[in-house]
Amino acid sequence: MVTSPAMLRADSLALSKDERIRAAAHDIIAALEATTKELSAMRRLLPARQP
């Protein structure tokens with residue numbers, strides 16, 4: 001998935017000693033998870049592709 005590199009970077013930022021960076025990382029992670037959930041829901045609504 002395209003969001004994987006962003007999620008990996010956000011996960012590493014979540015380990016920062018700086019509280020502001022950790023908080024921002026958690027916001028990014030939440031946004032990426034919400035995006036992934038929304039994309040999955042949209043994908044279920046689309047008809048299956050015919051080869």
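The values are calculated or read from the model by the stated rules, or taken from the named source; none is laboratory data. Predicted model, so just to flag it, every value in this text is computed and none were measured. Surface accessibility is based on the protein's heavy atoms, side chains included, excluding ligands, DNA and RNA. Shrake-Rupley method; radii C 1.70, N 1.55, O 1.52, S 1.80 Å.
With Cα Rg over 2.2 N^0.38 Å defined as stated, name the option among [x] 1.50; [y] 1.57; [z] 1.26 computed from the structure displayed. Read-out taken from this structure: [x]. Taking all protein chains into account, the per residue accessible area for the chain stands at 88 Å² (1.4 Å probe). Expressed as an acute angle from 0 to 90° and rounded to the nearest 10, what is the orientation of the C-alpha long axis of helix 19-45 relative to the principal long axis of the chain? Computed tilt is about 0 degrees.
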